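Comments concern the structure below.
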Amino acid sequence: MAINSDVAKSLTATAMLSAVSCANTAAATQGTGTDISAYEGVLTFLEDVGTITGTLAGKIITSASSNMSSPTDVGSFTARTTSNDNEVAVLQVNCSARQQYVAYVGTIVTGPALIGVTVIGAKKYV
């Protein structure tokens, strides 16, 4: 499906986790959630993984609180190892079914892993 220019102009991208070398799960986990209350439709999450030493299991969680207390899983990315590093994985979810905040959790068994996570969505039309 092609995106027309009006739709493309309405999309915004927000870095959830700036590209960084993460040695453990704490380093690969977003501390404060990204507020999605201004968005509608489908949100597209991009997990960009560079070189990885061990394994990475990334997922998106949602919460009513920006500190991500009492989170619920939204979806998971394909687990990464050295055999499928240097790839971008895509996860799409409908934002109307989510709570106000979303965050990324990257479980690293053996690090480091180069990771960057971005969310792309369309703001509500007023």
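Just so you know, all these numbers are worked out from the coordinates, no wet-lab data involved. These numbers were taken from a predicted model, which means no experiment stands behind them. Every residue, glycine among them, receives a Cβ derived from its backbone with ideal geometry; neighbour counts consider all protein chains shown.
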Subject >> Highest-first arrangement of 19-28, 79-88, where packing means the average Cβ count within 10 Å >> reply: 19-28, 79-88
**OP:** Only helical DSSP H runs with n ≥ 4 go in: add -39500 (n - 2.57) per run for the chain, normalise by residue count and round the 222 nm mean residue ellipticity to 500 deg cm²/dmol.
**Re:** -1000 deg cm²/dmol
Original post:
If we sort 58-68, 101-111, 34-44 on the protection proxy, mean other Cβ atoms within 10 Å, highest first, what's the order?
Top reply: 101-111, 58-68, 34-44
Original post:
Taking a quarter of the surface of the convex hull around the Cα atoms of region 1-120, what do you get in nm²?
Top reply: 7.4 nm²
